[in-house]
Amino acid sequence: MILVLIGPPGSGKGTQAKILAATRKFPQLSTGDMLRTAIAQGSELGLQAKKLMDQGALVPDSVVIGLIGQRTLESDCKVGFILDGFPRNVSQAQALDQMLKTQGREVDRAVFFEIPDEDLVKRLSGRRTCVECSAMYHVENAKPQKDGLCDQCGSSLRQRDDDKSEVVRKRLQVYHEQTAPVVGFYERQSKLKTLDAAESAIQVSKVLTDILG
Ligand code: AP5
């Protein structure tokens, strides 16, 4: 199955993609994680991406389309994959369709994580991420067992630079202007399902399981 998760920043796409990847054995393809890896490696691409990400802007389509194009050809993607954070505008959605067509495949399902903006600021300001394995926590909703340390690998947890409140506001603006139209793109293809992402992570996971069958 090729699954697209669409939603505003903090709507829980990454949380649910990780659960699905573990239970269904499909890889999670997160362009945000790929870009953060490039930043951590100090590559030229990472340096350029960091400037844009710290402002809450999108990185150029050519960069993320290239990253996804290469990744989908790897052997673990043969069984399918979960796209988390891509496509993020209609041009990327069109490029994805074209790319999959050349591979003889297509998107099977897109799921829209619907949630009011006011819930998102709270979620993002409390998010903490492991510096090593990217496991995700929240200071109130998903606390680690030991304060500041990852349950899975014991490394430190940190706040993402783009989770500061002024950057979050910009990311939400970019979402409404550029990413929200992707919902209509998949609706017109009759591939879209919508879920209430304001529910608890456990409830969202149940609904997602029902949607995917
Ligand atoms: P990216 O890393 O993709 O960030 P995002 O889409 O803004 O999404 P987030 O990771 O912030 O949120 P999420 O929906 O995954 O929520 P999460 O599960 O973490 O992108 C970052 C940047 O990279 C972009 O701004 C852009 O610059 C660039 N970029 C990436 N892809 C790009 C592309 N395709 N094109 C161009 N540029 C691109 O949850 C958030 C918090 O809430 C966590 O603490 C979690 O524990 C908690 N939580 C999750 N679910 C629930 C729940 N149901 N109830 C309560 N709390 C919950």
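Restricting attention to the stretch 1-47, which trypsin sites (Lys or Arg not before Pro) occupy a DSSP loop and are surrounded by at most 12 other Cβ atoms within 10 Å?
Numbers: sites: Lys13, Lys18, Arg24, Lys25, Arg36; in loops: Lys25.
Answer in residue order: Lys25.
On a 1.4 Å probe surface of the protein chains, which of Arg105, Arg127 comes out largest in accessible area, and what is the full order?
Largest to smallest exposure gives the sequence Arg105, Arg127.
Provide the per residue accessible area, probe 1.4 Å, for the chain, rounded to a whole number of square angstrom.
On the way: 10950 Å² over 213 residues.
Normalised by residue count, the accessible surface of the chain is 51 Å².
Need one number for the stretch 101-213: average projected area of the convex hull over its C-alpha atoms, nm².
So the Cα hull casts an average projection of 9.3 nm².
Determine the share of the chain's accessible area contributed by carbon and sulfur atoms, expressed in whole percent, with a 1.4 angstrom probe.
Taking all protein chains in place, the chain shows 50 percent carbon and sulfur surface.
Explain nothing, just the number: dipole magnitude of the chain about its Cα centre with +1 on each Lys and Arg Cβ and -1 on each Asp and Glu Cβ, in debye rounded to the nearest 20.
Charge dipole, the chain, about its Cα centre: 280 debye, nearest 20.
Ignoring ligands, DNA and RNA, how do Glu74, Glu177 rank by accessible area with a 1.4 Å probe, largest first? Walk me through the numbers on the way to the answer.
On the way: Glu74 90, Glu177 115 Å².
Largest accessible area first, the residues go Glu177, Glu74.
Taking the dipole about the Cα centre of the stretch 1-74, with the C-beta of Lys and Arg at +1 and of Asp and Glu at -1, give me whichever of Gly42, Gln16, Thr31 is farthest to the positive side.
Gln16
Tell me which lysines have Cα within less than 24 Å of Lys18's Cα, excluding those fewer than 8 residues away on the same chain?
Lys50, Lys78, Lys122, Lys143, Lys146, Lys164, Lys191, Lys193, Lys206
Suppose we look only past 19 Å in the calculated P(r) of the stretch 32-116. What percent of the Cα-Cα pairs does that tail hold?
43
How many percent of all Cα-Cα pairs in the chain sit more than 25 Å apart?
When all Cα pairs of the chain are counted, 36 percent exceed 25 Å.
Run down the aspartates and glutamates and flag those whose C-alpha is under 19 Å from the C-alpha of Lys51, throwing out any fewer than 8 positions away in its chain.
Asp33, Asp61, Asp161, Asp162, Asp163, Glu166
With all protein chains present and a 1.4 Å probe, how do Val121, Val111 order by accessible area, largest first?
Ranked list, largest accessible area first: Val121, Val111.
The values are calculated or read from the model by the stated rules, or taken from the named source; none is laboratory data. Predicted model, so just to flag it, every value in this text is computed and none were measured. Cβ sites come from the backbone with ideal geometry, for glycine too, and all protein chains shown count toward neighbours. In case anyone asks, the SASA skips ligands and DNA or RNA and just uses the protein heavy atoms, side chains included. Shrake-Rupley method; radii C 1.70, N 1.55, O 1.52, S 1.80 Å.
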